[in-house]
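Take a look at the structure below.
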Amino acid sequence: MEKKPMYVHVLENIKNMIINGEFPVDQPLPSQKEFADIFNTSEITSRRALTELANEGYIFRIRGKGSFIKKIEDDEETKKLKIKRVYFVYPDAPLQVLTHRFYQDLMDGIFSSCKEKGIQFLTWKIGENEKLPDDNQAGFIVLPHVQGAQEISVKTLETWKMKEKRLVTVHFYYPHLKIPYVVINNITGGYLATQHLISCGHEKIGIILTGKSFMDINQEFSLRMEGYKSALLQHQIEFDPSYIYIAEGNSETEEMGYKGMKALLSLTEPPTAVFATSDYKAIGAIRAAIDSGLKVPEDISIVGFDDISLAKYSTPPLTTFNQNSQNLGKRAVEILVEEYNKKENEEEILKDEIVPELIIRESTRKR
């Protein structure tokens, strides 16, 4: 386990001393030099600890007089952090990526929930400095990864947690950090997509994923594959690795689905149905099937994932999944604002999973 920086050790000790009433409220705290002597450290370290205490609202400073403890009321409700602002925090991604329906619905959900609660909603793009605003009345809904962008690292999330930032991650989760999270239930999504194709009479079902290899598929796509495998297993359908195509790319494109479908159709026994794990790939897969002389869904059924605006207008209209990411945003705000202080113990992780909704259109049908 990574050793805590010295200033954090000093910060936590001073905080505990304040909570335990070891300093008089109406008298200045020891100076940074005195704290340096108490903890056998440098003045730079003690100054950093005092600065963080001020940022977190435990103390305030008066020039020429020193640092003083902020008075804390006895009422339990007043001890809870009152959230006045919610920041949607995301990596430095191309703006066109963030116009995808998933992200737009996510932000709409956060915004509408904040508006209902009278809380200001702001966005915050993480650059190279990987810093959050110094705002002790704010909560942060963090989207750690966006395709085509450098993800927010686990180390950065750990640092923010150590600084006691109020965090909820969305779409991705890190159980070992014990940060609250809300995710789309991608395993269920993958299961339901495959189950739908099985219910249509298909057993030879291909899947088109995004990644670099079997060992390098990101969290959401690997979970959809687990759902795919689980549905096959429950219906005693043999899992065939040759029916898996992994498309490499920094963002979802039709071309990935086109190449994937062409590869699957070149097999000695090609699939009769395909689960393309995004709508862009699914639309490309439809085009590849038609270019190969097949009819969709008469000869091959295709399911997508995302329910982008174009899905209902594709030819044929695409059977797909709405990820309900607006609910993802709403639940993240609820956990951040209303449930954060309701954990029964430190080991408990606040979490929720949103189940995607199957939208049946004309790209699938019973055999």
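The values are calculated or read from the model by the stated rules, or taken from the named source; none is laboratory data. Being a predicted model, the structure only gives us computed values, none of them experimental. Don't worry about glycine lacking a Cβ; one is built from the backbone with ideal geometry, like all the others, and counts go over all protein chains shown. Please note that ligands, DNA and RNA were not included when accessible areas were found on the heavy atoms of the full protein model with its side chains. Shrake-Rupley method; radii C 1.70, N 1.55, O 1.52, S 1.80 Å.
Structure values in brief
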item	result
Test result for Glu158, more than 30 Å from Thr272 (Cα to Cα) and part of a loop (DSSP other than H, G, I, E, B)	no
Residue check, Lys15 closer than 21 Å to Met162 by Cα, assigned to a loop (DSSP other than H, G, I, E, B) and not hydroxyl-bearing (Ser, Thr, Tyr)	no
Residue identified as among the polar types (S, T, N, Q) and touching a residue at least 24 places away in the same chain (Cβ under 8 Å) among Asn20, Asn55, Asn16	Asn55
Residue list for region 132-155, filter: part of a helix (DSSP H, G or I) and open to solvent by less than 60 Å² (accessible area, probe 1.4 Å)	Val154
Among the residues listed as Gly304, Gly284, Gly329, the single one being surrounded by 23 or more Cβ atoms within 10 Å (Cβ to Cβ), in contact (Cβ under 8 Å) with a residue 12 or more places away in the chain, closer than 18 Å to Arg166 by Cβ and small (Gly, Ala, Ser)	Gly329
Meets criteria (within 17 Å of Ala193 (Cβ to Cβ), touching a helix residue (DSSP H, G or I) at 6+ places or on another chain (Cβ under 8 Å) and either buried (at least 24 other Cβ atoms within 10 Å of the Cβ) or of a type in the set (S, T, N, Q) (or both)) for Thr320	yes
Residue count for region 261-281, restricted to those that are surrounded by fewer than 24 Cβ atoms within 10 Å (Cβ to Cβ) and acidic (Asp, Glu)	1
Test for Glu357: is it under 27 Å from Phe88 (Cα atoms), under 21 Å from the mean Cα position of the chain (by Cα) and either open to solvent by 50 Å² or more (accessible area, probe 1.4 Å) or at pLDDT 95 or above (or both)	yes
In region 104-119, the residues that are over 18 Å from the mean Cα position of the chain (by Cα) and either farther than 28 Å from Gln323 by Cα or open to solvent by less than 90 Å² (accessible area, probe 1.4 Å) (or both)	Ser112, Cys114, Lys117, Gly118, Ile119
Hits in region 1-53 - residues which are open to solvent by 60 Å² or more (accessible area, probe 1.4 Å), at pLDDT 85 or above and over 32 Å from the mean Cα position of the chain (by Cα)	Pro28, Lys33, Glu34, Asp37, Ile38, Asn40, Glu43, Ile44, Arg47
